[in-house]
Amino acid sequence: MKGKGKMMIDARNLTKVYPNGMRAVDGVSFSVKKGVIFGFLGPNGAGKTTTQKILCTLLKPTSGEVTVAGYDVVREASKVREVIGVVFQDPALDEKLTGRENLEYHARLYGMDGKEIKRRIRELSEFFEFGDELDRLVASYSGGMRRKLEIARSVMHDPDVLFLDEPTVGLDAHTRRKLWNYILEMRKNRKLTIFLTTHYIEEAERLCDEVAIMNKGRIVAGGTCDELKRKFGRKSILISFPSLEEKEKALRLIENISGIRIITERDRDVEVQHPDMDEIVLMREIQNTLLNRVEVVEMRMKFPSLEDVYVELTEDTDGGGSGHSIGGFVVRRMMHVG
Amino acid sequence: MEGVCEGNRFLRELQAIYVMWMRHIKRFARTKGRVAGSILQPALFLIAFGIGIGRAMPMNAAASINAGKHGNITAGITYFDFLVCGLIGMSVIFSSVMAGVSIIWDRQFGFLKEVLIAPVSRLSIVFGRTLGAVTTSLIQAVIIYTLALFMGFRSSIFSFAASIPAVLLLSLFATALGIFLSTVIQDVESFQICQTLIIMPIVFLSTAFIPYSTAPVWIKAVLRLNPVSYGVDGIRHLLIGFGELSFAVDVVTIFIASMGMLFLSSLRFSRMEV
């Protein structure tokens, strides 16, 4: 690998304006370290796929600098192509060929020789548990099998960076979990850097070391899942009562704290938040209010899920509206993840 | 595959050509309808045009005179003989254009992306695909030729062998045209329009079906402008020893046309984004 730090992907002020004038990607900067699974999160139409297409040399950026494994994606496109593997959002298999042929032809395009190809297919076939399916035409494959084959194909030539665009979209829960395991397993075996595009938060949380959230062509937040939750999510306080009567009693008292918001009220539990009060302070306030009046089983701080953060940050995707963004947070500066 | 060395590079390009070629052949062989169609369609044309119309009219006087001027066979060229050469040309053009244009289907079904991100020259991709198309077109030409022999086409295996280079050039031109079209039109629907506006005219307004010598002046001008005319005339020269244009001009024109088209389509294809 060439120098330029240890960043396997480095994008600076990446912008893509389509001929019809649509600004799909608007001055995005981020970088991904070697060996990291990097999640690119965002709603449909946020510009994720466009960004990924630029990273894997399928589209030329309108402006900005992008390197993958140290190579410039425009000037050194063929170098980039040698070291990346890509699984596209839409299937890209040849249905009139068998699974094995798809793998073999791919490997040949990457300059592998016959012996190497056989060995690698055997290896991957074992890893992905293809069994004898490989010799059937792809047209007869199930959705899960197709995806597995595509992922296998993308790593046939042992790439340094793997791009996965919505790899589990449209798959059932079992197959999805299996694919996740494969992805985690693949990374374990070698120093593979994975760039994963998804709109499933769960997927990002399960797989990714770091994430960037994209909305309307811009990156609105980035960091590890925990960092994001800590930074953008509003914590809430969960209180459990021994009985419904106690809860009702408590509710009447709590409502007197001005500005307090009751988020959920389920069974014998109540979850509350306060927009302008630190959680610790709020907790003490509630404690003081309820002390010696109501019996409380448990009171604890609840951390937001990544989904809460995601929804908060990507709201208002259809444009217009009141622009509910947390603290008007917009990242235009360089965002060094990690 | 970290750091594929330069020596490997050439090998990789060759493998890319092989892969694109092999893929085309396999797809052709596995699409049962296509194999059947490639036999049935020319058979139908041979029966309808060849036997139906061809037998009904002998070659007219002007053409016969021309035959005497240029060809080895001085007499007895029938319209059927004339037509068989035209049908070989037509069939080669249809199958080649289709093979080239099938890139649109690859785009529709996603496979194109897999090819476009491969670390090989797009020229190799175009070249491999063209070779595939030329191969299957040649197979079709052999089929028609054989069928025609059974129906009374007078030619020899040697003349057929001699005509192969001309068939190849014509196929090259048509494949390149197909690839070019696939870079211009964006979807399968607009292919229909291309078929009516471009592919049909270049076949039917060529010497494949219209004898040049007896055509009115303005049609002659159209025939002269159409590269296919030279390709088919070249095939005719080699296959039945009868042609209406100069053989040298035929060869040079179809050669230049196919190279030009190949250049143009490669250029467009290498700049293609998905």
*Mind giving me the FRET efficiency for A:Leu253 and A:Arg136? R0 is 60 Å, r the Cβ-Cβ distance, nearest 0.05 is fine.*
0.35
_For the stretch A:142-294, the spread of Cα positions along each principal axis, largest first, Å_ = 68, 32, 30
*What is the distance, in nm, between label points placed 7 Å from the Cα along the Cα-to-Cβ direction at A:Glu123 and at B:Ser270?*
3.3 nm
*Magnitude of the Cβ-charge dipole of chain A, K/R +1 and D/E -1, about the Cα centre, nearest 20 debye?*
1320 debye
*DSSP-assigned coil residues among trypsin sites (Lys or Arg not before Pro) in the stretch A:61-97, each with at most 13 further Cβ atoms within 10 Å*: A:Arg75
*asked:* Taking θ = phi - 60°, what integer Hz values does the Karplus form 6.51 cos²θ - 1.76 cosθ + 1.60 yield along the stretch B:19-30, in sequence order, with x for Gly and Pro?
replied: 4, 5, 5, 4, 4, 4, 4, 4, 4, 4, 5, 7
*Ignoring ligands, DNA and RNA, what percent of the accessible area of chain A is carbon or sulfur (1.4 Å)?*
46 percent
*Mind checking B:248-261 for the average number of partner chain beta-carbons within 10 Å of each residue's beta-carbon?*
0
*How long are the semi-axes of the ellipsoid equivalent to the stretch A:5-158, from square roots of 5 times the Cα gyration tensor eigenvalues, in whole Å, largest first?*
31, 18, 14
*Considering every Cα-Cα pair within the stretch A:67-208, what fraction, in whole percent, is farther apart than 23 Å?*
33 percent
*Order B:Phe204, A:Phe128, most accessible first, counting only protein heavy atoms with a 1.4 angstrom probe.*
B:Phe204, A:Phe128
*Using modelled backbone amide H atoms (1.01 Å from N, in-plane), which distant-in-sequence or interchain residues come within less than 5 Å of A:Ile9's amide H?*
A:Val32, A:Ala69
*asked:* Report the gain in length on full extension from B:Ile256 to B:Gln108: 0.36 nm times residue separation, minus Cα-Cα distance, nm rounded to one decimal.
replied: 50.1 nm
_Convex hull volume per residue in cubic angstrom - Cα atoms of the stretch B:70-223_ = 135 Å³
*asked:* Which residue, A:Ile263, A:Pro275, A:Ile286, has the largest displacement toward the positive end of the dipole of the stretch A:234-302 when charges sit on each Cβ (Lys, Arg +1; Asp, Glu -1)?
replied: A:Pro275
*Would you work out if the stretch A:76-130 is rounded, prolate or oblate? Take a ≥ b ≥ c from the square roots of the eigenvalues of the alpha-carbon gyration tensor; rounded if a/c is under 1.5, else prolate when a/b is larger than b/c, oblate otherwise.*
oblate
_Checking a compactness column here: for the stretch A:234-302, what do you get for Rg(Cα) / (2.2 N^0.38 Å), N being the number of residues?_
0.97
*Tell me the label-point distance for the pair A:Lys302, A:Lys6, using the 7 Å Cα-to-Cβ offset, in nm and rounded to one decimal.*
3.9 nm
*Taking 0.36 nm per intervening residue step and subtracting the Cα-Cα distance, what contour gain separates A:Arg261 from A:Glu315 on full extension?*
17.4 nm
_Rounded FRET efficiency, nearest 0.05, which uses the C-beta distance separating B:Val184 from A:Arg268 and R0 of 56 Å_ = 0.25
*Let me know the charge dipole size of the stretch A:230-276 about its Cα centre in debye, to the nearest 20, where only the beta-carbon of Lys, Arg (+1) and Asp, Glu (-1) is charged.*
360 debye
*Taking only protein heavy atoms into account and a 1.4 Å probe, give the accessible area per residue of chain B in Å².*
42 Å²
*How would A:Asp278, A:Asp94, A:Asp267 line up by accessible area, probe 1.4 Å, largest first?*
A:Asp267, A:Asp278, A:Asp94
*Counting Lys and Arg as +1 and Asp and Glu as -1, each charge on the Cβ, what is the dipole of the stretch A:248-307 about the Cα centre in debye, to the nearest 20?*
200 debye
*asked:* I'd like the interface area for chains B and A: accessible area of each alone minus the complex, both sides summed, 1.4 Å probe, protein heavy atoms only. What is it in Å² to the nearest 100?
replied: 3200 Å²
*Going down the table (A:Lys191/A:Lys302; A:Lys16/A:Lys302; A:Lys60/B:Lys26; A:Lys6/A:Lys229; A:Lys48/A:Lys178; A:Lys6/A:Lys302), which pairs top 30 Å between alpha carbons?*
A:Lys191/A:Lys302; A:Lys16/A:Lys302; A:Lys60/B:Lys26; A:Lys6/A:Lys302
*Would you compute, for the Cα atoms of the protein assembly as shown, the largest minus smallest coordinate along each principal axis and list the three values in descending order, in whole Å?*
122, 49, 42
*Rg/Rg_ref, chain A, where Rg_ref = 2.2 N^0.38 Å and atoms are Cα*: 1.21
*Residue-normalised accessible area of the stretch A:234-302, expressed per residue, 1.4 Å probe, Å²*: 62 Å²
*asked:* Which chymotrypsin sites (Phe, Trp or Tyr not before Pro) in the stretch A:141-243 sit in a loop by DSSP (not H, G, I, E or B) and have at most 15 other Cβ atoms within 10 Å of their own Cβ?
replied: none
*Shielding score for A:100-110, defined as the mean number of other chain Cβ atoms within 10 Å*: 6
*After finding the eigenvalues of the alpha carbon gyration tensor for chain B, what semi-axes result from the square roots of 5 times each, listed largest first in whole Å?*
36, 18, 18
*Using packing as a proxy for protection, rank A:52-61, B:228-237 so that the peptide with the highest average count of other Cβ atoms within 10 Å comes first.*
B:228-237, A:52-61
_Other-chain or far-sequence residues with amide H under 5 Å of A:Thr98's (modelled H)_ = A:Val138
_I'd like the mean, over residues of B:26-34, of how many other protein chain beta carbons sit within 10 Å of each residue's own Cβ._
2
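The values are calculated or read from the model by the stated rules, or taken from the named source; none is laboratory data. Worth saying up front: this structure is predicted, and the values here are computed from it rather than measured. For neighbour counting, all protein chains shown are included, and Cβ atoms are generated from backbone atoms with ideal geometry for every residue, glycine included. Ligands, DNA and RNA are stripped out before the accessible areas are found, and what is left, the full protein with its side chains, is counted by its heavy atoms. Shrake-Rupley method; radii C 1.70, N 1.55, O 1.52, S 1.80 Å.
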